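Structure first, commentary second.
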Amino acid sequence: MSHALHAEWTKFRTLAGTWWLLLAVAALTIAVSAAAAAAFTCPPGPASCAAAATGADPARLSLTGVDLGQIVIALLAVLAIGGEYGTGMMRLTLTAVPRRLTAYAAKALVTTVAAVAAAVLAVGGSVIAGRLILPGKGLSAANGYLALSLGNGADLRAAGGSVLYLTLIALLAFGVTAAVRDSAAGIGIVLGVLLLLPVASAVIPDHVLARHLEQLAPMTAGLYIQATTGVESLPLTPWQGLGVTALWALGALVLGGAVLRLRDA
Amino acid sequence: MTAIAPYRSPASAGRAGFTSALRAEWTKFRTVRGWVIGALVAALATAGLGLLVSSGGQSSCQAANSQGQGSSGSCQHGISFVLGPNGEPVSDSFYLAGQRLAGDGSMTVRLTSLTGRVPPPNGPSTGDESGYVPGLEKWAKAGLIIKENLTQGSAYAAIMVAGGHGVRMQWNYTGDTPGMTGTVGPANPRWLRLTRSGDVITGYDSADGTHWSRVGSVTLAGFPSVAQGGLFAASPEYQQVGESFGGGTNSGGGPTQATAVFDRLVTAGGWTAGPWAGRYVGTPEVPGVVGYHQADGMFTLTALGDIAPIPAGHGGQADPAVTVSDYLIGTFAGLIALTVVAALFVTAEYRRGLIRLTLAATPARGRVLAAKSVVIAAVGFVAGLLGAGAAILAGEAITRARGYYTFPTSAAAEARVIVGTAVLTALLAVLALAIGAIVRRGAATIALATGVIVLPYFLAVFAAVPLSAGNWLLRVMPAAGFALQQPYPAYHQVTMLYAPFSGYFPLAPWAGLAVLAAWTAAALALAAYLLRRRDA
């Protein structure tokens, strides 16, 4: 296993694209988060910045960039395995490590480590940006908002949970691509699953069905972890929601592993 | 010695023209089963989500009721709007102190005061006026009106002072021209004059009754020679415009009232000097408040209601009605599929090495890119046209069959939106193709194209960015092209949250198209440059 890990790590780190993508995850997430925070304005009217009037969730607002970051991190994971199928490298990999599940696990582990690293940078930068920008936009202590801080339990859950969320999305993309064995198809499916289900739940006329769909969709359920206000009214608790995303990732990983084990590469 | 002619193939020489390149690319596209299926999926996804919506109407009903907007009963089959002269839904209820006005003539009056009462800020909307505080709705209005007849929805022209928007000349519900600015009060009264000459009605304003300026002049074709007119006042429902994450809706609201005091009412021309009879046109939402009394040449009108168009969309008065925008919600889902197809259409050639053969067959590289663009644009156009057409036509049929109310939309507006959607999908497909030619890797292309095309729209319309940030995304990103899908104009003279979720975009359709076209042109230019400069 350690040899397989070492081999996967060497392959991963010696691709120039990998580092650019890791950088892109952090940069894009932070940029979008900062832009969303900077664009926030209190609604017009007296005492409009009071918590009851804005309905704003500072933690969630300053983590907006995760919506974009997840696409880049999914791409990173898709290319980590899809690239080998694209170039035919996979055959060499499996010759070197004939225990296919060992190769698969090693690759998944390397992807996980990279995803966690990128996510920590992205989320950390977003929290700092939110902490610096939001008080100037009216979400200040004077109006009853606490400054974002990882010492605060709810904010820590939102930030730490976002790191876990990004990592789980990477694993979901990794598993899906292992199952379809094609980068383009993999990213297409992942984006479809991520973006389509929330929209379907937003427009479906049947409210009960829509609520179930929201509970089942990996993106909507997983992002409940970012909520620090109105947590009681969510269809699932934050950790349950992240659990849904984890189940999606697990399912995809198992499916990808099974395909790799059972089919010719 | 005999000269031996070299062998020449009897086959005619192939032409390296654009037509043959186009034919080659079209053959490539239609013979790859996955791409054809992908294009079909794009059309089906566009239509499918819309059909999901049209099976409802219920959803917006429930939302409206839970917000307590007084729309109880509007979910039932009987909901209907008053329609204006151009077929659009309108509000038409106001207090009128008027009489028959025959032939040409003019009316002049001085408005000395316009005050009102509104629900308390952030307070509960109880429906009655207990707890109301003094205040004036920005679009409360009072002035002179001439109207076809006293039926709701009939043609009119009016000169008025609006609570927070100065003097306005308005006509036939949608027309609006500003005059003098500033508020009205005893210290700064406003003189208003309305004249009729045939079909032409002209409004004037003045601060002192001596120096007049023309505000506007409108031609109401077919206006009857004997019309109704006089003093009027109205005060629309107070809309507390609030933005919530996850779309943004209006919250709260309730009836408001306005009291206008006029004097120095003078008629001239064929119009007689009275008597002026008071009546409420339509049914007041709060009975017992409206009224009119006249003493010593002074007219005091207290009124509710509004004379204005009703905008489509969520959070407004027309909330329960299904709109064309609701049917088209699936466009972006179709675009994800189309993006995959367009990206693979070029990146698969690099993946398989086919690009070397393609460029050997058509050495003019720009021509290859152009041919591919034309093919994918045509595919995108047809997919968008079929998807949007099916979504709207089938959606309306289903909604009607289920007895839900559809927001009245002209066939011309529907056609414009359907063709607009087709243009949108065609251009976005070309953009994805150009990104593919730049990046040359399938997965990266799809992620990048989705990131710049679909994600900004998604964030602005459905998800978690504030409305202002979302509107910026819809101005500068290629998603600006979604403005082509806006079916209804935004009426600045009616307070509502004109959000993308309700089908209102920050740019005009042609401006959105220009932004999208600029992105596509820039990407194509870069792709053409790189295709020439790089080895394939």
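The values are calculated or read from the model by the stated rules, or taken from the named source; none is laboratory data. The structure presented is a predicted model; accordingly, all values stated were derived computationally and were not measured. So basically every Cβ, Gly included, is an ideal-geometry build from the backbone, and we count neighbours across all protein chains shown.
The table below gives the values:
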read-out	value
Some residue of the range B:467-476 being under 19 Å from the mean Cα position of the chain (by Cα) and hydroxyl-bearing (Ser, Thr, Tyr)	yes
Residues being more than 7 Å from chain B (Cβ to nearest Cβ) and under 13 Å from the mean Cα position of the chain (by Cα) - total across the range A:194-203	1
Per-region count, the range B:159-198, residues charged (D, E, K, R) and under 15 Å from residue B:229 (Cα atoms)	2
Hey, residue A:148 more than 9 Å from chain B (Cβ to nearest Cβ) and out of contact with any Phe, Trp or Tyr (no Cβ under 9 Å at 6 or more places or on another chain) or not	yes
Any pair with Cβ under 9 angstrom, 6 or more apart, that starts in the range B:395-412 at a residue that is within 19 Å of residue B:86 (Cα to Cα) and ends at one that is among the aliphatic types (A, V, I, L, M) and in a helix (DSSP H, G or I)	B:406/B:324; B:407/B:324; B:409/B:324; B:409/B:392; B:409/B:417
Residue among A:182, A:206 that is surrounded by fewer than 23 Cβ atoms within 10 Å (Cβ to Cβ), within 12 Å of chain B (Cβ to nearest Cβ), of a type in the set (D, E, K, R) and within 18 Å of residue B:462 (Cα to Cα)	A:206
Tally, over the range B:437-469, of residues that are part of a loop (DSSP other than H, G, I, E, B) and more than 7 Å from chain A (Cβ to nearest Cβ)	2
Matching residues, the range B:263-287, being under 25 Å from residue B:153 (Cβ atoms) and assigned to a loop (DSSP other than H, G, I, E, B)	B:271, B:276, B:282, B:283, B:284, B:285, B:286, B:287
Residue check, residue A:117 surrounded by fewer than 17 Cβ atoms within 10 Å (Cβ to Cβ), touching a residue at least 24 places away in the same chain (Cβ under 8 Å) and not acidic (Asp, Glu)	yes
Flag for residue B:425 being of a type outside the set (Gly, Ala, Ser), more than 17 Å from the chain's Cα centre (by Cα), surrounded by 24 or more Cβ atoms within 10 Å (Cβ to Cβ) and in a helix (DSSP H, G or I)	yes
Any helices (runs of 4 or more DSSP H) falling wholly within the range B:1-89 and containing at least 3 residues that are away from chain A (no Cβ under 14 Å) and modelled with pLDDT of 80 or more	B:18-31, B:33-54
First in the range B:351-362 and closer than 19 Å to residue B:438 by Cβ, second anywhere and of a type in the set (Val, Ile, Thr), Cβ under 8 Å, 6 or more apart	B:358/B:368; B:359/B:368
Conditions (1) within 13 Å of chain B (Cβ to nearest Cβ); (2) surrounded by 21 or more Cβ atoms within 10 Å (Cβ to Cβ); (3) touching a Ser or Thr at 6+ places or on another chain (Cβ under 7 Å); number of the one not met by residue A:218	(1)
Condition check for residue A:86: facing chain B (nearest Cβ under 10 Å) and either of a type in the set (Val, Ile, Thr) or under 24 Å from the mean Cα position of the chain (by Cα) (or both)	no
Breaking point among (1) closer than 16 Å to residue A:137 by Cβ; (2) at pLDDT 85 or above, for residue A:72	(1)
Per-region count, the range B:493-524, residues in a loop (DSSP other than H, G, I, E, B) and at negative phi	12
So residue A:261, is it at positive phi and touching a helix residue (DSSP H, G or I) at 6+ places or on another chain (Cβ under 9 Å)	no
Residue within the range B:301-310 that is over 31 Å from the mean Cα position of the chain (by Cα), within 14 Å of chain A (Cβ to nearest Cβ), touching a residue at least 40 places away in the same chain (Cβ under 8 Å) and surrounded by 24 or more Cβ atoms within 10 Å (Cβ to Cβ) present	no
Enumerated helices (runs of 4 or more DSSP H) restricted to the range B:311-396, each holding at least 2 residues that are more than 28 Å from residue B:531 (Cα to Cα) and either modelled with pLDDT of 90 or more or within 14 Å of chain A (Cβ to nearest Cβ) (or both)	B:324-327, B:331-352
Any hit, the range B:503-516, residues being in contact with a His (Cβ under 7 Å, 6 or more places away or on another chain), buried (at least 22 other Cβ atoms within 10 Å of the Cβ) and closer than 23 Å to residue B:389 by Cα	no
Subset of the range B:149-185 that is among the β-branched types (Val, Ile, Thr) and outside any strand (DSSP E or B) - its residue that is surrounded by the most Cβ atoms within 10 Å (Cβ to Cβ)	B:184
Residue satisfying all of: in the range B:206-247; in a loop (DSSP other than H, G, I, E, B) and within 14 Å of another protein chain (Cβ to nearest Cβ); modelled with the highest pLDDT among these	B:240
Tally of residues being within 29 Å of residue B:451 (Cβ to Cβ) and either part of a helix (DSSP H, G or I) or at pLDDT below 65 (or both) across the range A:38-62	8
Among residues of the range B:477-495, those that are within 12 Å of the chain's Cα centre (by Cα) and away from chain A (no Cβ under 14 Å), counted	10
From A:220, A:245, A:228, residue being touching a helix residue (DSSP H, G or I) at 6+ places or on another chain (Cβ under 9 Å), not in a helix (DSSP H, G or I) and not aliphatic (A, V, I, L, M)	A:228
Residue within the range B:490-511 that is in contact with a Pro (Cβ under 8 Å, 6 or more places away or on another chain) and under 18 Å from residue B:431 (Cα atoms) present	no
Count of residues meeting criterion [under 20 Å from residue A:195 (Cβ atoms) and either in contact (Cβ under 8 Å) with a residue 40 or more places away in the chain or acidic (Asp, Glu) (or both)] in the range B:440-451	5
Selected residue (criterion: surrounded by the fewest Cβ atoms within 10 Å (Cβ to Cβ)) from residues of the range B:391-418 that are touching a Ser or Thr at 6+ places or on another chain (Cβ under 8 Å) and under 25 Å from residue B:429 (Cβ atoms)	B:394
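For (1) more than 14 Å from the chain's Cα centre (by Cα); (2) within 11 Å of another protein chain (Cβ to nearest Cβ); (3) part of a helix (DSSP H, G or I), each residue gets a yes or a no:
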site: A:64; (1), (2), (3): no, yes, no
site: A:71; (1), (2), (3): no, yes, yes
site: A:74; (1), (2), (3): no, yes, yes
site: A:78; (1), (2), (3): no, yes, yes
site: A:82; (1), (2), (3): yes, yes, yes
site: A:103; (1), (2), (3): yes, no, yes
site: A:109; (1), (2), (3): yes, no, yes
site: A:117; (1), (2), (3): no, no, yes
